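Chemist: Here you go, one structure.
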Amino acid sequence: DTGVSQDPRHKITKRGQNVTFRCDPISEHNRLYWYRQTLGQGPEFLTYFQNEAQLEKSRLLSDRFSAERPKGSFSTLEIQRTEQGDSAMYLCASSLQENYEQYFGPGTRLTVT
Amino acid sequence: QKEVEQDPGPLSVPEGAIVSLNCTYSNSAFQYFMWYRQYSRKGPELLMYTYSSGNKEDGRFTAQVDKSSKYISLFIRDSQPSDSATYLCAMTEYNFNKFYFGSGTKLNVKP
């Protein structure tokens, strides 16, 4: 399977805990995007990388959120001190540079209790 | 005001009907306009894109963009039960740095 993969698919955590999600993009894609999607809403942009450089971050990305793409391949999204409002689907997408065609992964569904 | 507005539906139609889905937007800098389909608990899947104003057809699907009105549409002809899903519009500027999505319209095609 050469699509975008995300791990884990589901995560249940208690409020205040830290969580980390992983995204593996399509191998030749140098752009990687993170989105958050809540029920009944479309994906909301969080941040994107071009290779290993994080080039843009949304104001939605509070200082509890951090993302990395250390070698320009896979990426991680960490949420520290989770809150109930962080419960959502976290989607990763990848694309070739400056291309409209994003390929989405299946998402990681986070539930904060 | 959101950058992209989309009627959430739900929209229920009989099989074979023509479906019209629409979005409006506020940012005149948007250049690329996409439609995605999303099944429950899955990631969105790109259906079609259009650059700037105009129409684009792909099988039973037609995408239209009217930049003067800041209005985009997706038409589905001869709708099938397998078309039942949430349809998301999305748009971006020339540099593809950020993509803005509508809230999605849930479509149900009844056999």
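Chemist: Just want to confirm a number: the relative contact order over chain A, from Cα pairs under 8 angstrom separated by 6+ residues, in percent. The partial results should precede the final answer.
Modeler: Details: 284 pairs, mean separation 41.8, N = 113.
It comes to 37 percent, rounded to a whole number.
Chemist: Assuming R0 = 25 Å, what is the FRET efficiency of A:Ser5 and B:Lys56, from their Cβ-Cβ distance, to the nearest 0.05? Write out the running numbers ahead of the final one.
Modeler: On the way: r = 30 Å, r/R0 = 1.21.
Step by step, r from the Cβ atoms, then E = 0.25.
Chemist: With θ set to phi - 60°, apply the Karplus curve 6.51 cos²θ - 1.76 cosθ + 1.60 along the range A:29-35 and write out the HN-Hα couplings as whole Hz, x wherever there is a Gly or Pro.
Modeler: Those phi angles translate into 7, 9, 9, 9, 10, 10, 10 Hz.
Chemist: Give the whole-number value, in cubic angstrom per residue, of the convex hull volume spanned by the C-alpha atoms of chain A. Write out the running numbers ahead of the final one.
Modeler: On the way: hull volume 11.0 nm³, N = 113.
Cα-based convex hull of chain A, divided per residue, equals 97 Å³.
Chemist: Over the alpha carbons of the range A:12-64, what is the largest minus smallest coordinate on each principal axis, giving the biggest first in Å?
Modeler: Projected onto its principal axes, the Cα set of the range A:12-64 covers 36, 23, 21 Å.
Chemist: Go from 0 up to the bin containing the longest alpha carbon distance in the protein assembly as shown, width 5 Å each, and give me the % of pairs per bin.
Modeler: The calculated distribution, bin by bin, is 1, 7, 15, 18, 18, 17, 12, 7, 3, 1, 0.
Chemist: To continue, here is another question. Between B:Asp78 and B:Ser20, what is the label-point separation in nm under the 7 Å Cα-to-beta-carbon projection?
Modeler: 2.2 nm
Chemist: What is the calculated FRET efficiency for A:Arg15 to A:Glu68, with r their C-beta to C-beta distance and R₀ = 25 Å, to the nearest 0.05?
Modeler: Details: r = 24 Å, r/R0 = 0.96.
Efficiency for this residue pair is about 0.55.
Chemist: With labels modelled as points extended 7 Å from the Cα through the Cβ direction, what inter-label distance (nm, one decimal) is found for B:Ser68 paired with A:Leu96?
Modeler: Here the answer is 3.4 nm between the modelled labels.
Chemist: Explain nothing, just compute: Karplus ³J(HN,Hα) = 6.51 cos²θ - 1.76 cosθ + 1.60, θ = phi - 60°, for every residue of the range B:3-10 in order, whole Hz, x for Gly and Pro.
Modeler: 5, 10, 10, 9, 5, x, x, x
Chemist: Report the local net charge at B:Gly102: Lys and Arg +1, Asp and Glu -1, summed over other residues whose C-beta lies under 10 Å from its C-beta. Don't jump to the answer; show the numbers that get you there.
Modeler: On the way: positive: B:Lys2; negative: B:Glu3, B:Glu5, B:Asp7.
My count for the surroundings of B:Gly102 gives -2.
Chemist: Moving on. Kindly give Rg over Rh for the range B:51-96, based on alpha-carbon atoms, with the Kirkwood expression for the hydrodynamic radius. Could the numbers behind the result be given before it?
Modeler: Working: Rg = 12.3 Å, Rh = 12.2 Å.
Ratio of gyration radius to Kirkwood radius: 1.01.
Chemist: Additional query: Based on Cα positions only, what radius of gyration and what Dmax would you give for chain B, in angstroms?
Modeler: For chain B, the Cα radius of gyration and maximum Cα-Cα distance read 13.4, 42 Å.
Chemist: Search the structure for amide H atoms under 5 Å from the amide H of B:Leu47, placed 1.01 Å from N in the peptide plane, and list their residues when 5 or more places away or on another chain.
Modeler: B:Trp35, B:Tyr36, B:Arg37
Chemist: For chain A, with the dipole built from +1 on Lys and Arg beta-carbon atoms and -1 on Asp and Glu ones, taken about the Cα centre, which of A:Pro70, A:Thr47, A:Phe21 lies farthest toward the positive end?
Modeler: It is A:Phe21.
Chemist: Something else about it: Between beta-carbons, use under 10 Å as the cut-off and find the net charge around A:Leu60, counting Lys and Arg +1, Asp and Glu -1. List each step's numbers first, then the result.
Modeler: Values: positive: A:Arg36, A:Lys57, A:Arg59; negative: A:Glu44.
Neighbourhood net charge equals +2.
Chemist: Also, quick follow-up: Mean shadow of the range B:23-72, computed from the convex hull of its alpha carbons, in nm²?
Modeler: Working: hull surface 15.8 nm².
The number I arrive at for the range B:23-72 is 4.0 nm².
Chemist: For the range B:53-111, which trypsin sites (Lys or Arg not before Pro) pass both filters: DSSP loop (anything but H, G, I, E, B) and at most 14 other C-beta atoms within 10 Å?
Modeler: Numbers: sites: B:Lys56, B:Arg60, B:Lys67, B:Lys70, B:Arg77, B:Lys98, B:Lys106; in loops: B:Arg60, B:Lys67, B:Lys70, B:Arg77, B:Lys98.
Here the sparse-neighbourhood loop sites are B:Arg60, B:Arg77.
Chemist: Out of residues 5 or more away from A:Leu46 or on other chains, whose amide H comes under 5 Å of its own, with H placed 1.01 Å from N in the peptide plane?
Modeler: Placed amide hydrogens put A:Trp34, A:Tyr35, A:Arg36 under 5 Å from A:Leu46.
Bear in mind these aren't lab numbers, they're just calculated from the coordinates by the rules spelled out. What you see is a predicted model; the values in this text were computed from it and never measured. Heads up, the Cβs are rebuilt from the backbone with ideal geometry, glycines too, and the neighbour counts pull from every protein chain shown.
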